[in-house]
Each structure stands twice: as C-alpha cells, then as structure tokens.
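The values are calculated or read from the model by the stated rules, or taken from the named source; none is laboratory data. Remember, it's a predicted structure, so these values are computed and weren't measured experimentally. Please note: Cβ atoms are built from the backbone with ideal geometry, for glycine as well, and neighbour counts cover all protein chains shown.
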Ligand SMILES: [Zn+2]
C-alpha cells in the first residue's frame, strides 16, 4: 500500500541564459522548441588523474562571434594538453584547423 500526502515541489527551471563571453542575456522561449539563440558546449582534456575532471569547462554563447572567441581562448588554454583536449566535441587539432581555415577565409 502506498500512503500519499500532498506536497508543493519547488523546481528550478531556466528563464534565460547569459553569454559567457559578452554577458548578453537571452530569454529562454518555452513556446518555440528547437529555436535557440544560444549554444551550450564544453571543453576539457582527458589527461590522467583528476586534472581531466577539473579541466571541464561549460559555456553558453549568444552568437558566432562569441563562440569563436571562446574557442580561440580555449585553444590557447588547452595547448599543453593538445593530445587529449576537446572543444565542443572536436579534437584540439581539428578545432585549431577549423579556426585557422575560417579566419584565413575572413582575411582573404
Ligand atoms: Zn555573447
């Protein structure tokens, strides 16, 4: 037999996101699923020991400019771990090549 009682449950839910690069706040729109104007991703590395856990950083960004700025910063921060580092599910070397290709095209 299950004995029940009524309880009020307080649930934490996102109302907006703050860009981790420029600080812009974007209101979370519950009515438009899949239409997000921000991107969430993580970076880190897989070196031995707790260093790998401590290396995980989580970002929310509001635009492509902020995204590439964070990726470029993290490429610099993770350079010593380039053999096992990842940025938004990309390997360090692929992310570096991608950034190089994109910003070479912009300069041309
Ligand atoms: Zn931003």
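Values computed for the structure shown
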{"read-out": "The stretch 37-54 - residue that is modelled with pLDDT under 90 and within 15 Å of the chain's Cα centre (by Cα) and, of those, nearest to the ligand (Cβ to nearest atom)", "value": "38"}
{"read-out": "Any hit, the stretch 62-76, residues being away from the ligand (no atom under 16 Å from the Cβ) and modelled with pLDDT of 95 or more", "value": "yes"}
{"read-out": "Identity of the residue in the stretch 58-85, in contact with a helix residue (DSSP H, G or I) (Cβ under 7 Å, 6 or more places away or on another chain) and assigned to a strand (DSSP E or B), that ends up nearest to residue 24 (Cα to Cα)", "value": "61"}
